[in-house]
Protein chains: 2
Amino acid sequence: MNIYQIAEKAGVSIATVSRVLNDSPSVSPKTREKVLQIMEQDHYHPNVFARGLMLDSMKLVGVICTDVSDSFIAEALSLLQAQLRTRSYDMLLFSVGSNQETTAKHLRYLQNKHVDAIFLIGSTFSDTADRQKLCRIAQEIPVIMINGFVDAPGVYCVCSDDTATAARIVDTMCRRGLTDCVMLYDSMTQGTRRKMQGMQQALAQNGIVFTDRHLVLAGETLQTSAAAVEQLIAEGHCPDAVLATSDLLAAGAIKAFAKHGLQRGVVGFDNTVLCDCLVPGLTSVDQHMDCMCETAARIMDQLLQNQQPKQFFTCPSEIIWRESFPE
Amino acid sequence: MNIYQIAEKAGVSIATVSRVLNDSPSVSPKTREKVLQIMEQDHYHPNVFARGLMLDSMKLVGVICTDVSDSFIAEALSLLQAQLRTRSYDMLLFSVGSNQETTAKHLRYLQNKHVDAIFLIGSTFSDTADRQKLCRIAQEIPVIMINGFVDAPGVYCVCSDDTATAARIVDTMCRRGLTDCVMLYDSMTQGTRRKMQGMQQALAQNGIVFTDRHLVLAGETLQTSAAAVEQLIAEGHCPDAVLATSDLLAAGAIKAFAKHGLQRGVVGFDNTVLCDCLVPGLTSVDQHMDCMCETAARIMDQLLQNQQPKQFFTCPSEIIWRESFPE
DNA sequence: TTGAAAGCGGTACCAT
DNA sequence: ATGGTACCGCTTTCAA
């Protein structure tokens, strides 16, 4: 069923049918009605490829993320999906791991797919060559980073205020005398860096110099994180408190402390479902992903209407206090 | 940059260029080399829309799931994504909630998008009208259900052997004298039903009649689940052991028991990251999603090559024993 | 082995 | 308000 057959049945030209499809005002109500009726009864739907070919758009956006099965990213996808739906955009999803080069390759791939925009969730671009690739793509297609940061023309970034929140947490720790606190992280992403800066600021405010010993590489699983903390304990460097860059790492710390019968403040990030499951309940940071995704979608709207949005946006995050580090 | 410009630069016709693009054998090595070289230096990539228009395919599959942020589904997506990538298919993702009608609508939507296949993750089709819609679509496009079951021509299903595994667990419980066990569930999906059947079988084997009291609706959050178990305790119906249809519900049970200082066997499903985080560690069922996704992808392969795969597949699941219900 | 030309199913401009 | 028609970029016969 195509536009020609509809035109023939309705006794009009394909141009008129096309006008009806596109809600053109210059069609008489009578004609429109007749055409619509025939479309209806024949279950006609315009061919998306033909439309794409002419308009160079299929109302499709590409989304590149490191790992769908990360609950933080999964939540972002869920919310972004909802935002896109209200705008009649579909989502082409790529879960590509944390390799930068792979991510860059996918950017190019999506460009060739003629997507209308590209969203990057939690990607890092520390490598210069890859960042330049990103810049080139961004000249042609709107690129919007969620919880990632690259300062380049055409690249728009929405982040949460990790730095401020991490600072607030570490400052609270210091004021309670827990000055020997550490940050558990799995890899030096932009997000980690922002949180680290917050810690550094707070320590400085409390007259403490931020050094390597405040930063602990903890792997990316519960087990590796627990092992890292246990090693600290074994070495006699048991920290007063722990701020982890994810709830999972924080869970590892809780486990390690519990094993040694120790009571220590632990705070995580992302406020995932884990927090309520753990004992003690995990104090964590809710990054208000809904805000970030809505902002990201709005940026897309503006870009596709050739408006110039601001390049950087920050969404507030919130500390959700639980027993692992009470307010 | 299109096929015409390449043809002109190479001094050949567009037909020849097209042949090179499609690896046609009837192009002289010389010509092919020259065309390829020009494509290379001009960074030419065929227009996906034009190609889609002719071939009626963009090497795209639609994936409909209830909720990306469910960790079980997120894992499935991650693995399915990997399978699709090796086959050069892209994934159009829809997270539509658990409403059947909405799911059915999206089937139709994807049909109009001319996707090459549709995957459904964890969907239920209890409503007859919606199931019929599914059947109609399945006549035209391969429909593959992961962890869902509908017996209809053109609908292919990959499930894990929930029934057998649930039976094994409940049988173990009974043999240990924990005959007063209950199943915690959140909604009567196909998966729930399969697990329920397993429980029923095992109880029957142990001379116990399966009744309503073995089935406890526990909502879909940690809190609702804990509340449901606490209510049982308050009513003096504290179960000997609990089998929950998800780890989250199981976590709720653990929490409720802990609050009352009770020691009870608890088993979950999906073997999510939660299991290791909980205290005691949660015994859970690993459904080997990798197997299911690989099978699903293979079914797609066969269907797209007009072969006739079996309609129903079962992947083995495995009990991962932890402290909450030791082996 | 190669080229010419007819689609694929729309959109949009130019007439009328 | 409507129709005719030239695209969009590729695939695929049919001839040469």
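The values are calculated or read from the model by the stated rules, or taken from the named source; none is laboratory data. Given the structure is predicted, the values throughout are model-derived calculations rather than measurements. Note that each Cβ is placed from the backbone with ideal geometry, even for glycine, and that neighbours are counted across all protein chains shown.
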Taking B:Asp90 and the conditions (1) within 9 Å of chain A (Cβ to nearest Cβ); (2) within 16 Å of DNA strand C (Cβ to nearest atom), which numbered condition does it fall short on, given that it satisfies the others?
(2)
Taking the conditions exactly as written (away from chain A (no Cβ under 14 Å), within 12 Å of DNA strand D (Cβ to nearest atom) and of a type in the set (S, T, N, Q)), does B:Ser18 satisfy them or not?
yes
The residue from B:Val170, B:Val150 that alone is modelled with pLDDT of 95 or more and away from chain A (no Cβ under 14 Å) is B:Val170
Consider segment B:63-85. How many of its residues are at the interface with chain A (Cβ under 9 Å from one of its Cβ atoms), closer than 20 Å to B:His114 by Cα and surrounded by 21 or more Cβ atoms within 10 Å (Cβ to Cβ)?
2
(1) more than 16 Å from DNA strand D (Cβ to nearest atom); (2) assigned to a loop (DSSP other than H, G, I, E, B); (3) within 11 Å of another protein chain (Cβ to nearest Cβ): which one isn't true of A:Ser98, the others all being true?
(3)
For segment A:252-274, give me the residue count where each residue is touching a helix residue (DSSP H, G or I) at 6+ places or on another chain (Cβ under 6 Å) and within 12 Å of chain B (Cβ to nearest Cβ).
7
Exactly one of A:Ser284, A:Ser324 is crowded, with 24+ Cβ neighbours inside 10 Å and part of a strand (DSSP E or B), and that residue is A:Ser284
Restricting to segment B:10-28, name every residue that is crowded, with 17+ Cβ neighbours inside 10 Å, more than 7 Å from DNA strand C (Cβ to nearest atom) and farther than 22 Å from A:Asp56 by Cβ.
B:Ala10, B:Val20
Quick check on segment A:41-53. Is at least one of its residues out of contact with any helix residue (DSSP H, G or I) (no Cβ under 7 Å at 6 or more places or on another chain), part of a helix (DSSP H, G or I), away from DNA strand D (no atom under 16 Å from the Cβ) and of a type in the set (Lys, Arg)?
no
So for segment B:234-247 (the condition being within 14 Å of chain A (Cβ to nearest Cβ) and hydrophobic (A, V, I, L, M, F, W, C)), does at least one residue qualify?
yes
Among the residues of segment B:109-120, is any touching a Pro at 6+ places or on another chain (Cβ under 6 Å), outside any helix (DSSP H, G or I) and more than 7 Å from chain A (Cβ to nearest Cβ)?
yes
Pairs please, first residue from segment A:126-151 and more than 26 Å from A:Pro316 (Cα to Cα), second anywhere and of a type in the set (A, V, I, L, M) and part of a helix (DSSP H, G or I), Cβ atoms under 7 Å, 6+ apart in sequence or on different chains.
A:Asp130/A:Ala104; A:Lys133/A:Ala104; A:Lys133/A:Leu107; A:Leu134/A:Ala104; A:Leu134/A:Leu107; A:Ile137/A:Leu107
So which pairs qualify, if the first residue must be in segment A:22-45 and within 14 Å of another protein chain (Cβ to nearest Cβ), the second must be assigned to a loop (DSSP other than H, G, I, E, B) and surrounded by fewer than 10 Cβ atoms within 10 Å (Cβ to Cβ), the Cβ gap must be under 8 Å, and the two must be at least 6 apart or on different chains?
none
Kindly check whether there is at least one residue in segment A:158-173 that is closer than 30 Å to A:Gly236 by Cβ, surrounded by fewer than 23 Cβ atoms within 10 Å (Cβ to Cβ) and small (Gly, Ala, Ser).
yes
Could you please find all residues in segment A:302-317 being surrounded by fewer than 14 Cβ atoms within 10 Å (Cβ to Cβ) and either of a type in the set (D, E, K, R) or in a strand (DSSP E or B) (or both)?
A:Lys310, A:Phe312
Subset of segment B:29-50 [within 11 Å of DNA strand C (Cβ to nearest atom) and aromatic (Phe, Trp, Tyr)]:
B:Phe49
